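Notes for the one structure printed next.
The values are calculated or read from the model by the stated rules, or taken from the named source; none is laboratory data. None of the values given here were measured: they were computed from a predicted structure. Note: ideal-geometry Cβ built from the backbone for every residue, glycine included; neighbour counts use all protein chains shown. Remember, those area values only see protein heavy atoms, side chains included, never the ligands or the DNA or RNA. Shrake-Rupley method; radii C 1.70, N 1.55, O 1.52, S 1.80 Å.
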Amino acid sequence: EAEKRASEDAHVRELESELERLKQDNERLSFGARAARERASALAEEVEVLTGERTDTSGLVRKAEERAASALDLRGQLDERIENLQRRGAQLEKALDSERSAYSKAAERVEELHEELGRVVEERDKIRNALQDARFTDRGFGELLVRAIKNEVATLPTSLESTAQAARLMEFMGKVLQAHADLRSPGEQTSEEDPDDKDPSPASQMRKTDGAGSATLPRVGGYARPRPTLSFRALGGAGEVGGSSHLLDFGKTRILVDAGIKPDGRGPVTPDFGGLDGLDAAVITHAHLDHCGALPLLVRDRPKMPIYCTPPSAKLIVSALNDHAAMGGGLPGGAPIHEVRKRLVPVPFGKPLDVGGTKVTLTESGHILGAASVLLSSGPATVFHTGDICMEDHFSIPSARLPEVRDIDLLIMEATLADQKPQPFSESIRTMVDVINDTTLERGGAVLIPTYALGQAQEIILGIKHYGREYGLDRDVFIYVDGSVVTTSERLYAEQLGYMKPYLQHSDPREIFFSENIRAVANDDGARERILSNPCAIIASPVTMQGGASAFYRRRLEKSSENAVILPSNAASYYGTHRAEGEEEQWRVERVSFAAHCTQDELLGITEKLKPRQIILIHGSRRRISDLAFRLAPDHKIHTPTVGETVRTVL
Ligand SMILES: [Zn+2]
Ligand SMILES: [Zn+2]
C-alpha cells in the first residue's frame, strides 16, 4: 500500500513538474508570439513606409519624364524658331544686299544726274552767252533760239497741240525777247561791221564803232537802250579756288581784280597775263596769296599801271609776298617785291576812285584785315565783286558791310562754302579748348594748330584769348605762337588798330594777341625744343606744315599718340597730301571748321539784299558752284564760267 502510495506520489510530482515545464514552455511561446507580432507590425509599418516612398518616387519619375518630354518639345520648338530666324536672317541679308546695290545704283545715278545737271547748266549758259552776242539780224540767231527753246522745254513738239506746252513756249520766248531787247540793233549797223572781226564781244565792237568812247549802244529807231556792256574773263579762280584773277572789261575801261597764285601747286601756278593789253588798273581785294601772289609778274610788264588796295592790305601784301619768297615760293622772272610795293596805291574803304570814267569803291568784306569787295559803276550800271567775303562776326575785324545800293546789275560772287551750313567760330574754339585740355592735362602731350599766318591765326589767338577761359581752358596751359604769325600779329595787325573791332582799338598794341599764357616763340629750334619739354599748345604757320615753324612741330609731334593736331578748314585739305607712301602718323587728328567765307544761307542773303539781275559765280569748286547756281537760277541770270572763259553781258 505504502509502496503504491509512494509510486502514486512520485507520479503526481512527475505530472506537476511536467505541468510546470509546460507552463514555462507556454509562457516562452506566448512571449515569442508577441515578439513575432510586434516584429510583424513593425515590418508592416516598414512596408507601408516603403510603399509610400515608392509611390513618391514613381511620381517624381513621372514628373521627370514629363519634364524631359516638355523639354524635348521646347527644344523642338526652339530648333524650329532658330531655323525660322536663320531663314529670316538669310532673307534680310538678301534684302539688304539688294538694298545695298539699289543704294549704290541710286548714288551712281545721283552722281550721273549731277554731272548731267552740270552739262545742262553749262549748255544753257553757253546758249545764253551766245544769245547775248547774237543780234536779231544775225543769221544764226534763229537757230540759237530754237536750241534755247529745246533746252528749256526739253523737246520741241512737232505740233503745238498741247496748250500748256504752247503757253510755256510762248512765255519763254517772251522772256528771251525781253531779256535781249537791249541787243536789238538795226541791220545797216551790222553790215558796216568788219566781217573779219574775230572777237564778237560787244565791248570790242563798241571800241570800233563808237569813236566817242561811250559805252552805250547806238540809239536807233528807239529800240536800243543806252546800257553799258561788260565782258568778264576769268584768268583763274573760276570753277576752282586759287589763282584768282578776273578781267572786267567795260569797253572804255579795263580793270583787273586780283592777281593770285595757286599756293598748293595744283595746276598752273600763276594766271596767264600774256594777252592782257590796255589795262587801266588792277585792284587787289586782299593779301591772301591766292589773290595777290602773282603781283610780281603782273607788275613786271606794266610799269605804269596803278594797283589799288586798302591801306592795311598794302602792308599785308608786301609781308605775304616776302614770307612766300622766304619759303622758296618766289616767282622766277617777276619784279622784285620792293618794286611791287612802290606800285601799290592805298585807298581807304568807301572812298570812290575814278578809273577811266568807271567809279571804283572798296567796301569791307570781313574776310581778313583790310579785305575788300569792289563796287564798280559805269554810267547807269553797277557791278559788285564780293572778293572773299564773310558775313560772320569775327574776333578781330568787323563782318562784311554790303553797299547801300539796290538792284545791282551784275553780282560777281565767291562760292567757296556754297554748300555749307553755318558753323560759328565760337564752336570751333570750344572744340580746340577741349582737345587742348584733354591732350595736355590727361595725356601730357602737345597740340599743334597749323594755320594761315594772316587772318585765320589772329582769329584763333583772339578766340582762345577771350573765350578760352569761358570754355574751360585750364589756367596752367601755355599757348605758344610761332612762325610768321608772330610778326604778322605783332607788327601788321597791331599797327592797324583803326580797322579792327572797337573793343580792341584801345588796347596796348603789344597786348592785343599775347598775354601771360599766350606767348611768342623765338625763331630758333633750340627755343622750340625747350617749349616742347612741357605739355602745351602751339599755333604755328604755315598752314601746309611743309616748311617753317609748323613743319618743325609736325616732325617732332606726329609720331606719338599722346600728341594731337587740330586742322582748321584749309589745313584739313592740305593734310596728308605730301605724306610718302607707308608713312604713318600716330598723333590724334582733329578737324574744325574755321573759314572766313560765307555759307550757303549767307550767300543767298547777299543776293536777296542786292537783288542783282545777273550773277557770275567764282572762287569755288565746280560742284559747289553748280549747286548754288541751281538754287539761284529761278530768280537770276546765272553765269558759271571756268578759267579762260569770257562772259559777255549787257548791264
Ligand atoms: Zn582769302
Ligand atoms: Zn581766296
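Annotations for the structure displayed:
- HIS506-LEU353 pseudo-label distance in nm [points 7 Å out on the Cα-to-Cβ vector]: 3.5
- Taking the accessible area of the range 425-592, probe 1.4 Å, and keeping the other protein chains in place, the carbon and sulfur fraction comes to 43%.
- Taking each residue as 0.36 nm, the span from SER426 to PHE31 lengthens on full extension beyond its C-alpha to C-alpha distance by 130.9 nm.
- A Cβ-based charge dipole, computed about the Cα centre of the range 425-592 with Lys and Arg at +1 and Asp and Glu at -1, lands at about 180 debye.
- Based on alpha-carbon atoms, the Kirkwood radius and the radius of gyration of the range 461-592 give Rg/Rh equal to 0.98.
- When each of the peptides 417-430, 315-328, 537-550 is scored by the mean number of other C-beta atoms lying within 10 Å of its residues, the order from highest to lowest reads 537-550, 315-328, 417-430.
- Candidates ALA446, ALA549, PRO502 compared by Cα position along the dipole of the range 425-592: farthest toward the positive end lies PRO502, with charges placed on Cβ.
- In this simple spin-label model, placing a label point 7 Å from the Cα along the Cα-to-Cβ direction at both ARG623 and GLN546 gives a separation of 2.2 nm.
- Taking the convex hull of Cα positions in the range 336-397, its mean projected area over all directions (nm²): 5.6
- Whole-number D in µm²/s for the range 280-390 (Stokes-Einstein; Kirkwood sum over Cα pairs; 37 °C, 0.692 mPa s): 231
- Where labels lie 7 Å past Cα in the beta-carbon direction, separation of GLU16 and THR642 in nm: 15.6
- Overall, the accessible surface of the range 334-379 at a probe of 1.4 angstrom is composed of carbon and sulfur to the extent of 56 percent.
- Accessible area of the range 37-137 belonging to carbon and sulfur atoms, whole % at 1.4 Å probe: 56
- Mean accessible surface per residue for the range 425-592, computed with a 1.4 Å probe while every protein chain stays in place, in Å²: 44
- Accessible area of the range 244-323 divided out per residue, in Å², using a probe of 1.4 angstrom: 30
- A Stokes-Einstein calculation at 37 °C with viscosity 0.692 mPa s, built on the Kirkwood radius of the range 473-533 over Cα pairs, returns a diffusion coefficient of 255 µm²/s.
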